[in-house]
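The structure under discussion appears below in the form of structure tokens.
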Amino acid sequence: MLGFSHFRLISSKIYFLCFLVGSGWSKMRWVACILRCSMLLMLLGLASILANASPIKNDFGHCERVVKKWAFSSLDQEVKEDRHTLQDLLFFLHVPRTGGRTYFHCFLKKLYSKSLECPRSYDKLRFDPRKPKCRLLVTHDDYSMMSKLPNHRTSVVTILRNPVDRVFSTYEFSVEVAARFLVHPNLTSATQMAGRLRAKMRGVSTLDIWPWKYLVPWMREDLFARRDARRQKGSDDTKSSGSYDMNEIFMPLHEYINTPMAHDIVHNGATFQVAGLTNNSYLAESHEVRHCVQKYKILGEHVLQVAKKRLDNMLYVGLTEEHKESATMFANVVGAQVISQRRASAMSLENVANENSEQNSLLSDSEFENDDHQNSSVDHNASQVASTENGEATKQNMTVEKLMEAYEVCISNLRKEQGRRRTASLKRISPAKFSKEGRRQVPEVVLQQIKSLNSLDLELYKYAEDIFAKQHKHTMEKLFAIIENLFT
């Protein structure tokens, strides 16, 4: 590949050669030699330009083909005949920092018993398919999880959040959780202790869950590095321009949003998760598609179309900002159908138990007197199964009204607990205090940069708002119709 210095060297040698060889030439012949040399240089220059441009053009062309092929294949699979009806398996695609944990604890755990949850669904990164009859899958895994599920028997629900607020919340939570480790004298001690605790725990650690398994250790390392730097200076005095720009204590927001980590995991994270293209994807081509889109922004439109289509086919799409309306709609759209399914299942089990009881009664009066013990055992087991499943499935005769009442109590307790944990964590990085007021003090240039870096998420969120408005209108019309029927 020829550079400018190479051209200057070659041209000087060619002109010098013409001068030596053409010392006895006529003026016209000498000029002709110079012109030929100039033409040669121009051709060399053009060849160099084409050689330099070719890899870029070819790379874009390759990326365009890869992204379009994935998008075409994905859109071709998105066919849902009755997306408004709850299927056998409910897949809650939990986009981080949207309030999904609240829905899991305050809605879904009250609708589904532990025995109906898919193993390691919420707790671990990878899906464990060893329990084929599970009914609830709640996970931070992306939409590529559907490649492991029975597509036609699975309903998907999710919640989206304003992308700017979600970036703020992701940043705050990363700092908050990482700050808990500052009780240790150094990073080595913190890392070793975390490893030992995780090995002993039967439950789940935040460090086991995507994307926190990447973001928290990264932020933890940064926190310890900055604390060590302050100690070396021999002073804990800090200067800051607010809680989001405390450079001496933790990574400022404006620095955070420009890191490779944030670019790969945080920015446009909701779109990539709904599209199934996160760095946690099950699809082999996901990483190449994601990196192509991150490199060539114009290709993002293909990913956006796939994500929009998937939202269209979901049973429910909630909005964090419309908290009250979203919760009410979830209870009436999802909760009501789960309750109905569980009641039907309980009635079916009860009928099976009654049939077994009748058969055992007939057998006890027949010639098979020696099988009395065996038959009574079958009867007992069937009744026990029916009783257990009935109790678990109906969750104490749950109704939509009781579900909403339980939700309100649960969310109040959760918020108090979360508030206590946040306060304790932030004490370790005092005087930092994350709040809505603090967010409003972040410079406009940083806010605009966040919007620019999350252009796909902004578009997807607008689309989700339209879906939510239509769902909300449809739900309200159904409720009003039910109320009218009660009084007619």
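Using a 7 Å offset from the Cα along the Cα-to-Cβ direction at both F60 and S430, what is the distance between the two label points in nm, to one decimal?
5.5 nm
Assuming R0 = 56 Å, can you tell me the calculated FRET efficiency for the pair V400 and R230, based on Cβ-Cβ distance, to the nearest 0.05?
After rounding, the FRET efficiency stands at 0.55.
Let's test the formula: R0 of 30 Å, r as the Cβ-Cβ distance of Q192 and D165. What FRET efficiency results, to the nearest 0.05?
0.25
V409 to D312: FRET efficiency via 1/(1 + (r/R0)^6), r the Cβ-Cβ distance, R0 41 Å, to the nearest 0.05?
0.75
At 0.36 nm per residue, and after removing the present C-alpha to C-alpha distance, how many nm does the segment from R421 to E248 gain when stretched out fully?
Taking R421 through E248 to full extension adds about 60.0 nm, to one decimal.
How much length, in nm to one decimal, is gained on full extension between V445 and H287, taken as 0.36 nm per residue of separation minus their Cα-Cα distance?
53.8 nm
Could you put R220, R161 in order of accessible surface area, largest first, with the 1.4 Å probe and the full protein assembly present?
Order by accessible area, largest first: R161, R220.
If we count every other residue with Cβ under 15 angstrom of E321's Cβ, Lys/Arg +1 and Asp/Glu -1, where does the sum land?
+1
Provide M261, M145 ordered by accessible surface of protein heavy atoms (probe 1.4 Å), highest first.
Correct descending sequence by accessible area is M261, M145.
In nm, to one decimal, how far is the modelled label at V204 from the one at N485, with both set 7 Å along Cα→Cβ?
3.7 nm
For the full complex of protein chains and a 1.4 angstrom probe, list S240, S435, S169 by accessible area with the highest value first.
S240, S435, S169
Taking only pairs that are 8 or more places apart or on different chains, how many Lys pairs in segment 440-480 have Cα atoms under 21 angstrom apart? Working shown, then result.
Numbers: K451/K462; K462/K470; K462/K473; K470/K478.
So the count of such lysine pairs works out to 4.
Would you mind calculating the gained length between K295 and K213 on full extension (0.36 nm times residue separation, minus the Cα-Cα distance), in nm to one decimal?
Values: separation 82, 0.36 × 82 = 29.52 nm, distance 2.47 nm.
The span from K295 to K213 would gain 27.0 nm if fully extended.
The values are calculated or read from the model by the stated rules, or taken from the named source; none is laboratory data. Remember, it's a predicted structure, so these values are computed and weren't measured experimentally. Using ideal geometry, Cβ is built from the backbone for each residue, glycine included, and neighbour counts are taken over all protein chains shown. Areas reflect the complete protein model, heavy atoms only, side chains present, ligands, DNA and RNA absent. Shrake-Rupley method; radii C 1.70, N 1.55, O 1.52, S 1.80 Å.
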